[in-house]
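The values are calculated or read from the model by the stated rules, or taken from the named source; none is laboratory data. Small disclaimer: the values here were computed from a predicted structure and weren't measured. Here Cβ is always computed from backbone atoms with ideal geometry, including for glycine, and neighbour counts include all displayed protein chains. Note: accessible area is taken over every heavy atom of the protein model, side chains too, but ligands, DNA and RNA are not part of it. Shrake-Rupley method; radii C 1.70, N 1.55, O 1.52, S 1.80 Å.
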Amino acid sequence: MPASAKRKGPSEPHAPEEAAKSRNGHAGHEVDPGLLLKFYRDMLLIRRFEERAGQLYGMGLIGGFCHLYIGQEAVVVGLQHALKDGDRVVTTYRDHGHMLACGMDPKGVMAELTGRRTGYSKGKGGSMHMFSREKNFYGGHGIVGASVPIGTGLGFAAKYTGSDAIAVTYFGDGAVNQGQVHESMNMAALWHLPVLYVIENNKYGMGTSVERASASKELFRVGCYAGVPGEQTDGMDVVAVHEAGRKAVDYIRSGQGPRILEMQTYRYRGHSMSDPAKYRSRDEVTRMRTERDPIDHAGRLLLAAGTVTEDKLKEIDREVRAAVAEAAEFAQNSPEPDPAELYTDVLVPA
Amino acid sequence: MAELTYREAVAAGIAQEMARDPNVVFLGEDVAAAGGVFKATVGLLEQFGPRRVRDTPISEQAILGAAMGAAMTGLRPIAEIMFSDFLAVCWDIVANEIAKTRYMTAGQVTLPLVIRTANGGGSRFGAQHSQSVENWAMAVPGLKVVAPSNPADVKGLLAAAIRDDDPVVFFEHKSLYAVKGEVPDGEHIERLGTAKVLRDGRDVTVLALAAMVPKALAAAERLAAEHRIEATVIDVRSLVPLDTETILREVVKTGRVATVEENPRLCGWGAEIASIVAEECFWDLDAPIVRITTPHVPLPSADNLEDATVPTVERIVATLRQAID
């Protein structure tokens with residue numbers, strides 16, 4: 001039950017010594033240096049990818065909505081590394097990072113963002129709606145809260161077929177106040193479904209802060225009524241995320257039913273590219289970026305462990321930038337969708 | 001041939017498909033232990049067990065979310081939404097998620113699921129338990145929409161819907177559940193997207209759906225006996241896909257067309273058919289298109305008021321007589 005919840009969120013009035021631990025090391029979890037290096041690379045790929053997506057949006061090459069994941073990278077990277085092949089993932093509209101963390105090709109993702117025929121949905125999905133059956137990634141959903149019942153269904157199917165797969169359903173702090181979250185958690189608890197509910201609490205549901213939107217600030221307690229255990233974790237610390245994810249996944253895979261992880265995280269950019277984010281101070285954003293950046297944090301851990309050099313980290317950055325540049329080039333050079341695609345995939349062809 | 005009620009045909013159709021495919025799973029409120037509030041799913045729990053026939057909490061969004069997530073990974077769920085009015089409670093999952101996912105994934109993900117729901121008036125249930133909402137579903141690209149009028153079609157079309165790889169909204173009419181009819185023995189499956197000509201006539205082609213079909217047939221008999229008007233009656237059966245081939249062929253034969261619809265008038269399914277008929281065979285028409293519908297009002301509860309809203313045999317007869325004379 002949530003009584004054992006950890007409380008060390010980045011914008012909570014956290015204890016200075018705990019913050020220091022987070023900056024200099026981490027809260028006591030040991031991690032394999034090779035795995036930490038993977039976390040670092042995966043987070044950096046998302047960061048650079050999103051930076052480039054922001055640029056392409058500014059250049060008019062990406063239209064519509066574009067919700068960047070910058071700042072939240074540790075959440076999906078730490079959790080995805082706690083899963084195994086066959087586990088299913090579903091998320092909301094801030095989904096580019098999830099797709100990359102699931103192993104989807106940055107080229108196909110960028111091509112979808114730019115509305116090209118080589119995109120994962122051939123240009124018919126866009127930023128918010130990409131899927132990969134191959135990678136067990138089930139979207140990419142634009143309606144706040146909708147990933148929760150769908151993810152519950154993914155877990156239901158896993159249990160029904162006797163598979164040991166689990167379903168991870170990501171959603172934000174804003175979605176916690178949606179009725180379907182309550183419905184789904186009750187059903188999952190009632191049927192002992194293998195579902196991990198991940199609340200990415202980035203502090204703002206569009207322009208409304210959690211303080212102004214939620215009567216309780218303890219979002220991890222949302223499953224209390226149904227008896228779904230919840231825990232709060234520092235979502236800016238990839239090691240802590242991974243550790244919490246690993247424990248939750250073990251618990252779920254052992255057949256004990258669903259769990260909730262509330263990840264205390266932060267988005268650096270606005271809700272979408274069109275949001276100037278005037279509802280929070282520049283200082284707040286600057287403080288999070290300089291003091292709590294998840295990638296800097298992982299980099300410091302790696303250097304402190306003495307397993308990699310600054311040069312190695314720079315090399316990784318060069319590799320990641322090259323991969324992102326390749327994706328952007330691929331996207332820009334890909335043809336627009338075939339107009340005939342407009343009418344396909346509405347229903348299965350007769 | 002066995003004589004079954006419409007409600008028995010529902011259970012028979014589900015049982016036929018559950019017996020043949022272990023991926024078919026059935027969930028909904030009071031569908032298992034109670035056999036459904038309309039007793040349309042009696043015996044399924046006993047036959048297939050609680051793993052496959054599942055009572056759910058009263059949580060329509062979670063029911064359809066569970067069905068969708070399951071369908072995305074290859075199961076063939078049948079989800080019951082007890083009254084079609086309650087589709088409004090979970091319309092996000094229907095219209096934004098289930099209907100659009102195949103398109104948004106460029107065909108990577110199919111959603112072979114059926115949403116069964118009790119539709120329609122005539123039971124004095126009032127405005128929130130009596131609506132005919134087939135036109136809601138018809139308005140959303142990515143859904144198939146079926147509404148059977150008799151036990152044989154219930155079994156055959158439900159089986160077809162379960163086997164179909166697209167999401168199908170299957171509207172059962174609650175005032176038809178007690179109606180009896182012959183159902184073929186053994187495996188019975190119909191083809192989705194096909195209308196059925198039930199009666200041939202030279203004067204007018206009447207298109208009806210679900211509970212309006214027996215009324216249209218009764219009206220046609222009276223028009224023939226009392227007024228020497230011979231009507232063709234078509235059971236539309238499927239709104240999406242719509243069997244325009246059969247409909248237009250039969251309209252051209254008589255040169256007159258009338259729809260009998262239980263949904264409220266504005267944007268009812270007959271409006272779409274009227275538009276298609278006007279575009280495709282205007283010059284074959286001898287008279288304006290007639291729509292006999294429920295007026296654009298919520299369904300009232302009192303006997304006389306509800307009877308005055310949903311089309312009756314008397315109203316169909318009177319309207320067609322006037323249109324033809």
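Comparing Cα centroids, region B:159-179 and region A:308-350 end up 42 angstrom apart. Averaging 1/r across all pairs of distinct Cα atoms in chain A and inverting the result yields a Kirkwood radius of 20.4 Å.
Using C-alpha pairs under 8 Å with a sequence gap of at least 6, the mean separation divided by the residue count of chain A gives a relative contact order of 26 percent.
Summing Lys and Arg as +1 and Asp and Glu as -1 over all other residues whose Cβ lies under 12 Å from the Cβ of residue B:287 gives a net charge of -3. The protection proxy used here, the mean number of other Cβ atoms lying within 10 Å of each residue, ranks peptides B:84-92, B:31-39 as follows, highest first: B:84-92, B:31-39. Chains A and B together bury some 3500 Å² of accessible area, summed over both sides, with a 1.4 Å probe. Spin-label model, residue A:256/residue B:280: points 7 Å from Cα along the beta carbon direction are separated by 6.1 nm.
Keeping all protein chains in place, calculate the accessible area per residue for region B:196-324 (probe 1.4 angstrom), answer in Å².
44 Å²
Measuring nothing but how far apart in sequence close Cα pairs (under 8 Å, 6+ apart) lie, relative to its length, chain B scores a relative contact order of 17 percent. Its residues counted as N, region B:196-324 yields a C-alpha radius of gyration over 2.2 N^0.38 Å of 0.99. P(r) for region B:100-193, from all Cα pairs and a bin width of 5 Å, is 3, 13, 21, 21, 18, 12, 8, 4, 1 %, short bins first.
Peptides A:248-258, A:88-98, B:55-65, B:150-160 ranked from most to least packed by the mean count of surrounding Cβ atoms within 10 Å: A:88-98, B:150-160, B:55-65, A:248-258. The long axis of helix B:151-163 is offset from the longest Cα principal axis of chain B by roughly 50 degrees.
Hey, what angle do you get for helix B:6-20 against the long axis of chain B, alpha-carbon based, 0 to 90 degrees rounded to 10? Result, in degrees: 40.
Computed from Cα positions, the angle between helix B:212-227 and the longest principal axis of chain B comes to roughly 20 degrees.
Counting only residues at least eight positions apart within a chain, or on another chain, the lysines with an alpha carbon under 23 Å from that of residue A:247 are A:6, A:8, A:21, A:38, A:84, A:135, A:159.
Atom-type composition of the exposed protein surface of chain A places 50 percent of the accessible area on carbon and sulfur (1.4 angstrom probe). Here the convex hull built on the C-alpha positions of region A:199-350 has a volume of 238 cubic angstrom per residue. Among the protein heavy atoms of region B:257-313, carbon and sulfur supply 60% of the accessible surface, probe 1.4 Å, non-protein parts ignored. Region B:6-70 and region A:73-125 have Cα centres lying 34 Å from one another. Computed from the C-beta positions of residue A:332 and residue A:32, the FRET efficiency with R₀ = 41 Å rounds to 0.60. Taking 20 °C and 1.002 mPa s as conditions, region A:22-104 diffuses translationally at an estimated 152 µm²/s according to Stokes-Einstein applied to its Kirkwood radius (Cα pairs).
Mind giving me the nanometre distance, one decimal, between the label points for residue A:247 and residue A:350, set 7 Å out from Cα along Cα→Cβ? With each label placed 7 Å out from Cα toward Cβ, I get 5.8 nm. With Cα atoms defining each centre, region B:213-262 and region A:252-275 are spaced 55 Å apart in the structure.
Using the Kirkwood formula on the Cα atoms of the protein assembly as shown, what hydrodynamic radius do you get, in angstrom to one decimal?
Working: mean 1/r = 0.0371 Å⁻¹.
Across the protein assembly as shown, the inverse of the average 1/r is 27.0 Å.
Charged neighbours of residue B:205, selected by a Cβ distance under 14 Å, balance to -3 (K, R count +1; D, E count -1). Sorting the segments B:211-221, A:289-299 by their residues' average number of neighbouring beta-carbon atoms within 10 angstrom, most packed first, yields B:211-221, A:289-299.
Annotation: Cα Rg of region A:240-306 relative to the compact-globule expectation 2.2 N^0.38 Å equals 1.54. Shown for region A:216-259 is the translational diffusion coefficient from the Stokes-Einstein equation, using the Kirkwood radius over Cα pairs, a temperature of 20 °C and a viscosity of 1.002 mPa s: 190 µm²/s.
Shape analysis of region B:1-126 based on the Cα gyration tensor places the equivalent ellipsoid semi-axes at 24, 19, 13 Å, largest first.
The mean count of C-beta atoms from other chains within 10 Å of the C-beta of residues in A:111-121, rounded to a whole number, is 1. In this simple spin-label model, placing a label point 7 Å from the Cα along the Cα-to-Cβ direction at both residue A:206 and residue A:290 gives a separation of 3.3 nm. Pairwise inverse Cα distances across chain B, averaged and inverted, put the Kirkwood hydrodynamic radius at 19.9 Å. Averaged over peptide A:142-150, the number of partner chain Cβ atoms lying within 10 Å of each residue's Cβ comes to 6. Averaged across A:175-185, how many Cβ atoms of other chains sit within 10 Å of each residue's Cβ atom? Mean number of neighbouring Cβ atoms from other chains: 4.
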